[in-house]
Amino acid sequence: MDKIGEANKPFEARVEDMMEDERQKEQEKTDAKPADDDDKGIDTNAFLMTEMKFGLDFVFRMSDPVLPGEQVPDFACKGLVGDGVKMVTKEDYKGSYFVMVFYPKDFTEVGEDTLNLMADLVANEELHMEVLVISTDSVETHRAWAESRDGGAPVTMLGDRTGEVARTFGVLDTVTHLAYSAMFLVDMEGVVQAVKVTGRGGLGVGGVGEVLDLAREAFAVEVTEDKVEETT
């Protein structure tokens, strides 16, 4: 199969092809060995760790991600809301456009860029969206960080200590217990309309303009319909 066709194959099929190639290599070695040599077969774990470098755990850290078109999962988590602490749930955002933003850690450059980005987002009056950010830091750590920042805490900050919220959304790195930088845009019906997951640099790389473009596209139909109703 050519490289283009191979790249389009499902991940599981590509893994199976790799293992089948390895079986054939092992069989060729076996055929070439003396008959009294031990045939131990393939050490699957060793193969995956050797040939795939990081193993299956790395590949499947982002398991069951939430995708556009799906209902936003239920969640409940303590959060820093203004100066107070309260339990924040999905129901708090019923009937509102809202954005859930995950980031790895407080007191980091990526975290700082994320909060600055969210401050710019909520300051923009074009789209009226609720915004909450989530990391696996505690609420107490959020508070300490917010108090040390010039801009404080511009949005609600959830302290996902157990990683359950990040795991539910499929963005928890199970090795580091940190969330990947990710954004989920949810409409008034609780349907996820857009998802963005990033690597190095976090969500702040493209700036607020990129986030607004994504929000405009994700909520275009709903916002247009709302404006039509207001004018009739």
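State whether the residues of the stretch 111-132 include one that is open to solvent by less than 40 Å² (accessible area, probe 1.4 Å), farther than 17 Å from Leu185 by Cα, modelled with pLDDT under 95 and not in a loop (DSSP other than H, G, I, E, B). So that I can check it myself, show each step before the final result.
Kept after step one, since they are open to solvent by less than 40 Å² (accessible area, probe 1.4 Å), are these residues of the stretch 111-132: 111, 114-115, 117-119, 121, 127, 129, 131-132.
Next, only the ones that are farther than 17 Å from Leu185 by Cα stay: 111.
Add one more test, that the residue is modelled with pLDDT under 95, and what stays is 111.
If we keep only those that are not in a loop (DSSP other than H, G, I, E, B) too, we end up with 111.
Yes, that holds for at least one residue.
Which condition number in (1) surrounded by fewer than 17 Cβ atoms within 10 Å (Cβ to Cβ); (2) within 30 Å of Ala218 (Cα to Cα); (3) not basic (Lys, Arg) is the one that Ser148 fails?
Result: Ser148 passes all but (2).
Regarding the stretch 162-184, can at least one residue be identified that is among the aliphatic types (A, V, I, L, M), exposed (fewer than 15 other Cβ atoms within 10 Å of the Cβ) and free of Cβ contacts under 8 Å to residues at least 12 places away in the same chain?
No, the conditions are met nowhere in the stretch 162-184.
As an exercise: evaluate Ser96 against (1) surrounded by 16 or more Cβ atoms within 10 Å (Cβ to Cβ); (2) under 22 Å from Pro68 (Cβ atoms); (3) of a type in the set (Ser, Thr, Tyr) and give the number of the one condition it does not meet.
All conditions are met except number (1).
I'd like the residue in the stretch 133-183 that is farther than 14 Å from Asp106 by Cβ and among the acidic types (Asp, Glu) and, out of all such residues, is modelled with the highest pLDDT.
Applying the filter and picking the extreme gives Glu164.
Taking the condition of being part of a loop (DSSP other than H, G, I, E, B) and surrounded by fewer than 16 Cβ atoms within 10 Å (Cβ to Cβ), how many residues in the stretch 74-93 meet it?
If we filter the stretch 74-93 for residues that are part of a loop (DSSP other than H, G, I, E, B), which is where we start, we get 74-75, 82-83.
Among the residues that remain, those that are also surrounded by fewer than 16 Cβ atoms within 10 Å (Cβ to Cβ) are: 74, 82-83.
Qualifying residue count, the stretch 74-93: 3.
The values are calculated or read from the model by the stated rules, or taken from the named source; none is laboratory data. Every value quoted in this text rests on a predicted model; they were computed, and no experiment measured them. Every residue, glycine as well, gets a Cβ built from its backbone with ideal geometry; the counts of neighbours run over all protein chains shown. Just the protein is used for accessible areas: all its heavy atoms, side chains included, with ligands, DNA and RNA removed. Shrake-Rupley method; radii C 1.70, N 1.55, O 1.52, S 1.80 Å.
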